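> Quick one: the structure is below, and I'll ask about it shortly.
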Amino acid sequence: MAALPVAAITFFAMHLFPSTRFRPAAIRALGEGAYLGLFSVISLVSLVWLTNAFWNAPYGEKLWAMPAAWLWLKAALILMALIFTMGGASTPNPSLPGGGKALLRGDLSQGIFAITRHPLMWGIGIWAMAHLISQGTVRGILFFGSFALTALAGAWLQDKRKLHSLGAGWAAFEKQTSFLPFAALIEGRAHLSLSALGWWRVGLAVILWAAVLHFHYQLFGVHPLPANV
């Protein structure tokens, strides 16, 4: 178990590096392409280390137990997380490196970004929190909690970094969107267009969700829905 907390802290700290004042210095020293390449390699290494530490850690005692009905809610949350992730990954995204040109699109805030301006991060965060609640162990808190904290803290810090680097374009994007999912829609600042969101993105997310539900037990040894379904 000792390796897991170290791996989790390292994973979290390393992914916060882009939001620190050391990032510009690293880019100046290495060049943006080399910096992004090195950061990607280190990210992959830290992910593999964290995953291996998780699987090698003892399961431990349950700190809480969830009712069987929770698995249905969890499945719905995972579907939402996949829609967020699919939408954020396949739509021109100003949050991604070099994505500032996406701010010029007139319909940018009408698709997935009408729900949240950080769909990728929230997709990861929702997936992680749903699994953390299901597992209910110290092992699960360290592993899934590191993903949730990295995604959501990283998104919050990214707002500040993007405002500094993209200026008025990002400020206008913030006014039309929200950090919290659905907040801008509820407040009337955003308007969701299903054509801008893309039915094909939703369809692919549903197909992936169904595949995950079907193969989850074979892959991970855990039934995603009540075993008698």
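The values are calculated or read from the model by the stated rules, or taken from the named source; none is laboratory data. Being a predicted model, the structure only gives us computed values, none of them experimental. Cβ sites come from the backbone with ideal geometry, for glycine too, and all protein chains shown count toward neighbours.
> If you check every pair at least six apart or on different chains, which have Cβ atoms under 6 Å apart with a residue in region 99-114 that is of a type in the set (S, T, Y) first and a residue that is crowded, with 18+ Cβ neighbours inside 10 Å second?
S109/T177; S109/A190
> Still on this structure, I have one more. Since A34 meets every condition but one in (1) modelled with pLDDT under 95; (2) surrounded by 13 or more Cβ atoms within 10 Å (Cβ to Cβ), which condition does it not meet?
(2)
> Right, something else. Consider only pairs whose beta carbons are under 6 Å apart and that are at least six residues apart or on different chains; among these, list those whose first residue lies in region 82-97 and is closer than 17 Å to R161 by Cβ and without any contact (Cβ under 8 Å) to a residue 12 or more places away in the chain and whose second residue is of a type outside the set (A, V, I, L, M) and in a helix (DSSP H, G or I).
none
> Tally the residues that are part of a helix (DSSP H, G or I) and either of a type in the set (S, T, Y) or in the same structural domain as P97 (by TED's automatic domain parsing) (or both), restricting the search to region 1-45. First the steps, then the outcome.
Initially, region 1-45 is screened for residues part of a helix (DSSP H, G or I), giving 3-19, 22-30, 32-45.
Filter once more, keeping what is either of a type in the set (S, T, Y) or in the same structural domain as P97 (by TED's automatic domain parsing) (or both): 10, 19, 35, 40, 43.
Result for region 1-45: 5.
> On to the next question. Pairs, please: C-beta under 7 Å, at least 6 apart or cross-chain, first residue under 14 Å from A81 (Cα atoms) and touching a residue at least 60 places away in the same chain (Cβ under 8 Å) and in region 200-222, second surrounded by 11 or more Cβ atoms within 10 Å (Cβ to Cβ) and polar (S, T, N, Q)?
Short answer, once both residue conditions are applied: R201/S90.
> Any residue that is assigned to a helix (DSSP H, G or I), outside the structural domain of V6 (by TED's automatic domain parsing) and among the basic types (K, R) - is there at least one of those in region 94-112?
Going residue by residue through region 94-112, those that are assigned to a helix (DSSP H, G or I) are 100-104, 108-110, 112.
Filter once more, so that each one left must be outside the structural domain of V6 (by TED's automatic domain parsing): 100-104, 108-110, 112.
After this cut, where a residue has to be among the basic types (K, R) as well, the list is 101.
Yes; the residues of region 94-112 include at least one that is assigned to a helix (DSSP H, G or I), outside the structural domain of V6 (by TED's automatic domain parsing) and among the basic types (K, R).
> Restrict the check to region 177-198 and report whether at least one residue is assigned to a helix (DSSP H, G or I) and in contact with a Ser or Thr (Cβ under 6 Å, 6 or more places away or on another chain). Please lay out each step first, then the result.
Applying the first criterion (assigned to a helix (DSSP H, G or I)) to region 177-198 yields 183-187, 194-197.
Then drop every residue that is not in contact with a Ser or Thr (Cβ under 6 Å, 6 or more places away or on another chain), which leaves 184.
Yes, region 177-198 contains at least one residue that is assigned to a helix (DSSP H, G or I) and in contact with a Ser or Thr (Cβ under 6 Å, 6 or more places away or on another chain).
> Of all residues in region 134-161 being touching a Lys or Arg at 6+ places or on another chain (Cβ under 9 Å) and in a helix (DSSP H, G or I), which is nearest to H15 (Cα to Cα)?
So in region 134-161, the residues touching a Lys or Arg at 6+ places or on another chain (Cβ under 9 Å) come out as 134-137, 155, 159, 161.
Now drop any that are not in a helix (DSSP H, G or I), which leaves 134-135, 155, 159, 161.
On the way: S134: 25, Q135: 24, A155: 11, D159: 15, R161: 14 Å.
Filtering region 134-161 for residues that are touching a Lys or Arg at 6+ places or on another chain (Cβ under 9 Å) and in a helix (DSSP H, G or I), the one nearest to H15 (Cα to Cα) comes out as A155.
> Now a separate question. Residue by residue through region 53-81, note down the ones that are free of Cβ contacts under 8 Å to residues at least 12 places away in the same chain and closer than 24 Å to W122 by Cα.
Step one: list which residues in region 53-81 are free of Cβ contacts under 8 Å to residues at least 12 places away in the same chain, which gives 55, 67, 69, 73, 76.
Residues satisfying the conditions are A69, L73, A76.
> Could you figure out which of (1) over 21 Å from the mean Cα position of the chain (by Cα); (2) within 27 Å of T116 (Cα to Cα); (3) not aliphatic (A, V, I, L, M) isn't true of H214?
Going through (1) over 21 Å from the mean Cα position of the chain (by Cα); (2) within 27 Å of T116 (Cα to Cα); (3) not aliphatic (A, V, I, L, M) one by one, H214 breaks only (2).
Matching residues to (1) surrounded by fewer than 16 Cβ atoms within 10 Å (Cβ to Cβ); (2) over 16 Å from the mean Cα position of the chain (by Cα):
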position: L73; (1), (2): yes, yes
position: G99; (1), (2): yes, yes
position: A114; (1), (2): no, yes
position: L120; (1), (2): no, no
position: F179; (1), (2): no, no
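> Checking the structure you have, find out if any residue of region 58-68 is more than 12 Å from the chain's Cα centre (by Cα) and buried (at least 19 other Cβ atoms within 10 Å of the Cβ). Give the derivation first.
Keep residues of region 58-68 that are more than 12 Å from the chain's Cα centre (by Cα), which gives 58-68.
Next cut, buried (at least 19 other Cβ atoms within 10 Å of the Cβ) only: none.
No, the conditions are met nowhere in region 58-68.
> Kindly indicate the residue of region 199-229 that is part of a loop (DSSP other than H, G, I, E, B) and not polar (S, T, N, Q) and also farthest from K74 (Cα to Cα) among those meeting that condition.
Here is the first cut: in region 199-229, the residues part of a loop (DSSP other than H, G, I, E, B) are 221-229.
Now narrow it down to the ones that are not polar (S, T, N, Q): 221-227, 229.
Values: G221: 17, V222: 13, H223: 12, P224: 8, L225: 9, P226: 11, A227: 15, V229: 15 Å.
Among those residues, the one meeting the criterion is G221.
> Quick one: Y217 ticks every box in (1) more than 25 Å from M129 (Cα to Cα); (2) of a type outside the set (D, E, K, R); (3) out of contact with any helix residue (DSSP H, G or I) (no Cβ under 6 Å at 6 or more places or on another chain) bar one, so which box is it?
(1) is the only condition that Y217 fails.
> Quick check on W55: is it aromatic (F, W, Y) and part of a loop (DSSP other than H, G, I, E, B)?
Values: aromatic (F, W, Y): yes; part of a loop (DSSP other than H, G, I, E, B): no.
For W55, the condition - aromatic (F, W, Y) and part of a loop (DSSP other than H, G, I, E, B) - is not met.
> Something else about it: Do the conditions hold for L50, that is, is it in contact with a Ser or Thr (Cβ under 8 Å, 6 or more places away or on another chain), at negative phi and outside the structural domain of F113 (by TED's automatic domain parsing)? Explain how you work it out, then say what you get.
Working: in contact with a Ser or Thr (Cβ under 8 Å, 6 or more places away or on another chain): yes; at negative phi: yes; outside the structural domain of F113 (by TED's automatic domain parsing): yes.
So L50 fits the description; yes.
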